[in-house]
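Comments concern the structure below.
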Amino acid sequence: METQNKITANSPIGIFDSGLGGLSICKEIVRLLPNESTIYLADSKNAPYGEKTKEDIINFSIKNTELLLSLGCKIIVVACNTATTNAISVLRQKFNVPFIGIEPAIKPAALTTQTGRVGVLATKGTLSSDLFLSTSSQFNDVEIIEAQGKGLVRLIEAGKLNETKPLLKKYLLPMIEKGADNIVLGCSHYPFLIPLIKEIIPKNVKVIDSGEAVARQTKKKLIEHNLLSINSNANNEFYTNLNAELLTGFLNQIDLNSTNIAFKSF
């Protein structure tokens, strides 16, 4: 098991995603833990992970983790559903550092549905993973209506959010027609589409994502490992290997302040 340099409670939280989607997770972490510094890694060059092989996803996740650990991170948040479901078990075996994963919020959706039908919009890599199948099989009395959000991540990564609307209608309306009253967003990119999604679905249908739950779990892990920071000079750094200007635009959109936005080749 690989180790890293000496870390302290004031070391940063490391967060990575296949691109910009994990910023939706990062925002919740910063909101809940304002005294924590963060380093966010956007592997946009290799997005979307959901269309890659499991071997590639694991290799990208190892590379991202190694880079965050080299930057002194004390805990790693895998802010990508596909990377979590395909690679987090390997990461936990390989690295001696706490990991937080993200997976579709099927449980709260299944426990609160009134119709017994839940829609899940996710990538192919997430829907075909063992972890997703294991989680969804726990709720035999609930019908899980799956849809692969093919093409959505590429448009989000390009900053073309409005162009996703025809695809969203294609994926979401069949769920509504089948009676789904909860729709789970199974990709960290998809929360950026919530305003558009709400234009498409009825007002009584609830949209569920994992951002707040991941932030709460991160806080819990930090407390367990005595790594909760009391630093009042926290800062947030963001790195991308593709388009720093687009990253800046997304940060402005979600009102997430940053002390450092940079292009980094990795």
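Restricting the stretch 46-64 to residues that are open to solvent by less than 20 Å² (accessible area, probe 1.4 Å), modelled with pLDDT of 95 or more and in contact with a helix residue (DSSP H, G or I) (Cβ under 6 Å, 6 or more places away or on another chain), the residue that is farthest from residue 120 (Cα to Cα) is 61. Within the stretch 1-45, the set of residues being part of a strand (DSSP E or B), surrounded by 21 or more Cβ atoms within 10 Å (Cβ to Cβ) and not β-branched (Val, Ile, Thr) comprises 14, 16, 17, 40, 41, 42.
Residues in the stretch 84-103 that are open to solvent by less than 10 Å² (accessible area, probe 1.4 Å) and of a type outside the set (Val, Ile, Thr): 87, 91, 95, 99. Residue 129: more than 23 Å from residue 28 (Cα to Cα), within 16 Å of the chain's Cα centre (by Cα), at pLDDT below 95 and among the hydroxyl-bearing types (Ser, Thr, Tyr), yes or no? Criteria met by residue 129. Suppose we keep only residues that are modelled with pLDDT of 95 or more and among the β-branched types (Val, Ile, Thr) within the stretch 215-233. Which one would you say is nearest to residue 15 (Cα to Cα)? Going through the qualifying residues, I end up with 218. Quick check, is residue 20 hydrophobic (A, V, I, L, M, F, W, C) and either farther than 18 Å from residue 190 by Cα or at pLDDT below 90 (or both)? So residue 20 does not fit the description; no. Evaluated against (1) loosely packed, with under 15 Cβ neighbours inside 10 Å; (2) touching a residue at least 24 places away in the same chain (Cβ under 8 Å); (3) part of a helix (DSSP H, G or I), residue 156 falls short on exactly one condition, (1).
For the stretch 238-247, which residues satisfy the criterion of being part of a helix (DSSP H, G or I) and either open to solvent by less than 50 Å² (accessible area, probe 1.4 Å) or under 19 Å from residue 195 (Cβ atoms) (or both)?
Within the stretch 238-247, 244, 246, 247 meet the criteria.
Reported count of residues in the stretch 193-214, each being of a type in the set (D, E, K, R), under 24 Å from residue 249 (Cα atoms) and modelled with pLDDT of 95 or more, is 2.
The values are calculated or read from the model by the stated rules, or taken from the named source; none is laboratory data. What you see is a predicted model; the values in this text were computed from it and never measured. A quick note on method: Cβ atoms are made from the backbone with ideal geometry, for glycine too, and the neighbour counts reach across all protein chains shown. For the accessible areas, the whole protein counts, side chains as well, though only heavy atoms, and no ligand, DNA or RNA atoms are used. Shrake-Rupley method; radii C 1.70, N 1.55, O 1.52, S 1.80 Å.
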